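Heads up, the thing below is written out as structure tokens.
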Amino acid sequence: MTRDWRALKEEARARNSLLEVVRGYGVELRRSGRTWAGRCPFHPDTRPSFHIYPDGFYHCFGCGAHGDVIDFVARAEGLEWREAALMLASSQVGSGRIAPQAAEEERAPSPQELAAIHAAWEACRRHLSHPRAQEYLARRGIPTAAADALGLGYWAAGVAARLEGMGLVEPALKVGLLRRRRQGRPYWEPFRGRLIIPDLDREGRARWLTGRATDDETQPKYLNLPLPKPLLGIDLVEGEEVALVEGPLDWVAARAMGLPAAATLGAHVSRLRLLPLARFRRVLVLFDADEAGRQAARDLAKALGQRALVINLPKGVKDVADLLLLPDGGERLREAIERAKGMS
Ligand SMILES: [Zn+2]
């Protein structure tokens, strides 16, 4: 069947307001004369360089990105314009339940804050042999070699002193690694006693981290740095396939079982956070086996298009991390993936 691409293009434009679509991607826009302005989603933008014009085109004065609603979606999703036009003509964009990032999460860390994150992580790595960390890893079935390879750590006594020694207390306070106290010592350590799971860039530098409580009573279960959530571990994935899991521990488990995994850190994923997935030909979605997880997996697959393949976890398993506790968990996971691939 040949398509009338010109008609499709018009249909796609007519059905979707650029302003609404851009907002749907979590970009905050403010009126500025005849245009709407916001921070550009296509480059690290500190000022509102991204403008939307009344004629339905956008232009970024920072990186030069420019185009109409089809071009915007193509860029945001890593698609050909024809694929983007098809998505828009069928109104798939903006109809999903993929939530934009919360406003307070949008701030990017400063270089000093990144230095503090990296220093804290390095200090935590040295404490992975702490009995509480080792006991927790054993309880969850996480092999020590995998924990080591993924850069897991433990926030023990001495981490704050290390930050102090490096003159990084101020940025550590700003980025939430340390918290101010009203009296006594000037700060306290919210991550103390937690297993530290880092997001590393290609150079092996930590740029974000989360702390998992090592017992079942401590709340919250995960303490995150108050920064934009990464796709945890995405820069460590090589090749053309990536497996998306929900939680940090699912990520550790999937990697320990040999999958090229990254974690979305929750069932709801803003479309902007999907941008790093543009380079993959195949995206396996391995979300939790509850109703919320299944619905989120369907939404995500819809947003990703044909590249996505939703994997049903083996019967009786509630999430990927659970599989580590089964003697044949890795095998059963690989079988589930092969089965889904065979049916696609
Ligand atoms: Zn830009």
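Ala292 falls short of the stated requirement of being touching a residue at least 12 places away in the same chain (Cβ under 8 Å), surrounded by 21 or more Cβ atoms within 10 Å (Cβ to Cβ) and either farther than 28 Å from Gly151 by Cα or assigned by TED's automatic domain parsing to the domain that holds Arg23 (or both). Pairs meeting the criteria (first residue in region 305-332 and on the phi > 0 side of the Ramachandran plot, second residue modelled with pLDDT under 95 and assigned to a loop (DSSP other than H, G, I, E, B), beta carbons under 8 Å, at least 6 apart or on different chains) are Gly305/Leu79.
When restricted to residues that are within 8 Å of the ligand (Cβ to nearest atom) and either more than 16 Å from Arg23 (Cα to Cα) or modelled with pLDDT of 95 or more (or both), region 51-72 contains 5. It is to be established whether one or more residues within region 183-193 are surrounded by 14 or more Cβ atoms within 10 Å (Cβ to Cβ), without any contact (Cβ under 8 Å) to a residue 60 or more places away in the chain and either closer than 30 Å to Leu309 by Cβ or touching a Pro at 6+ places or on another chain (Cβ under 7 Å) (or both). No. In region 35-49, the qualifying residues are those that are without any contact (Cβ under 8 Å) to a residue 40 or more places away in the chain and in contact with a Leu (Cβ under 8 Å, 6 or more places away or on another chain), and the one that is farthest from the ligand (Cβ to nearest atom) is Trp36. If the condition is being without any contact (Cβ under 8 Å) to a residue 24 or more places away in the chain and either within 21 Å of Trp5 (Cβ to Cβ) or within 15 Å of the ligand (Cβ to nearest atom) (or both), then region 73-95 contributes Ala74, Glu80, Trp81, Ser90.
Tallying residues that are more than 15 Å from Gly153 (Cα to Cα) and either in contact (Cβ under 8 Å) with a residue 12 or more places away in the chain or under 17 Å from the mean Cα position of the chain (by Cα) (or both) within region 194-214 yields 2. With a requirement of 3 or more residues that are closer than 17 Å to Asp299 by Cα, the strands (runs of 3 or more DSSP E) lying completely within region 177-286 that satisfy it span 241-245, 282-286. Testing Asp216 on (1) touching a Lys or Arg at 6+ places or on another chain (Cβ under 7 Å); (2) in the same structural domain as Arg132 (by TED's automatic domain parsing); (3) closer than 20 Å to Asp319 by Cβ, one condition comes back false. Which one is that? Of everything listed in (1) touching a Lys or Arg at 6+ places or on another chain (Cβ under 7 Å); (2) in the same structural domain as Arg132 (by TED's automatic domain parsing); (3) closer than 20 Å to Asp319 by Cβ, Asp216 misses just condition (1). Could you please let me know if Arg273 is within 15 Å of the chain's Cα centre (by Cα), closer than 17 Å to Ala243 by Cβ and among the charged types (D, E, K, R)? Against the criterion (within 15 Å of the chain's Cα centre (by Cα), closer than 17 Å to Ala243 by Cβ and among the charged types (D, E, K, R)), Arg273 qualifies. For region 287-311, the set of residues classified as within 16 Å of Ala261 (Cβ to Cβ) and outside any helix (DSSP H, G or I) consists of Phe287, Asp288, Ala308, Leu309, Val310, Ile311, listed by residue number.
Across region 307-320, not a single residue is classified as buried (at least 20 other Cβ atoms within 10 Å of the Cβ) and not hydrophobic (A, V, I, L, M, F, W, C). Of the residues Ser32, Ser17, the single one that is polar (S, T, N, Q), away from the ligand (no atom under 11 Å from the Cβ) and out of contact with any His (no Cβ under 8 Å at 6 or more places or on another chain) is Ser17.
The values are calculated or read from the model by the stated rules, or taken from the named source; none is laboratory data. Keep in mind that this is a model prediction, so the values were computed, not measured. Because the Cβ atoms are built from the backbone with ideal geometry, glycine has one as well, and the counts that use them run over all protein chains shown.
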